[in-house]
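All remarks here apply to the structure that follows.
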Amino acid sequence: MELPSFDEMMRLAAEDPASLESIRAQAIESFIGNAPLDLQRRLRGLQFRIDATRTCSSNPMAACLKISQMMHDQLHHLLDTINGNESPAKPVDHHADADSKIIPFPLLATI
């Protein structure tokens, strides 16, 4: 899918936001549809999270900041995994309640 020029998208943002939103949705669908089948479900899940963040944010700048933080969190998780500091199956939740407690369970010596 070929996108309109930047100037055209700026004009649409000012004059016809619904058309710009339609172009955005088509571009995302085209990208996900052209991804390997084994990645499409994960990409749709990620897009769902992004869309939910945009919907729940008070304004576009707040949405941008929250989505940017999501990207940074994933980058830090990837770096930790690459550096062997964390298991890839256990992402860090930077948004966990500050009063949350982790309760250690002793390993069973006899199984």
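Read the figures in this text as sums done on the coordinates, not as results from a lab. These figures come from a predicted structure and were not determined experimentally. Cβ sites come from the backbone with ideal geometry, for glycine too, and all protein chains shown count toward neighbours.
Things to note:
To keep it simple, each residue is scored yes or no on (1) exposed (fewer than 13 other Cβ atoms within 10 Å of the Cβ); (2) within 19 Å of the chain's Cα centre (by Cα); (3) touching a residue at least 12 places away in the same chain (Cβ under 8 Å).
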| residue | (1), (2), (3) |
| --- | --- |
| Glu15 | yes, no, no |
| Ile23 | no, no, yes |
| Ile28 | no, yes, yes |
| Asn34 | yes, yes, no |
| Asp51 | no, yes, no |
| Arg54 | no, yes, yes |
| Leu79 | yes, yes, no |
| Gly84 | yes, no, no |
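- Given (1) in a loop (DSSP other than H, G, I, E, B); (2) surrounded by fewer than 13 Cβ atoms within 10 Å (Cβ to Cβ), index of the condition Met10 fails: (1)
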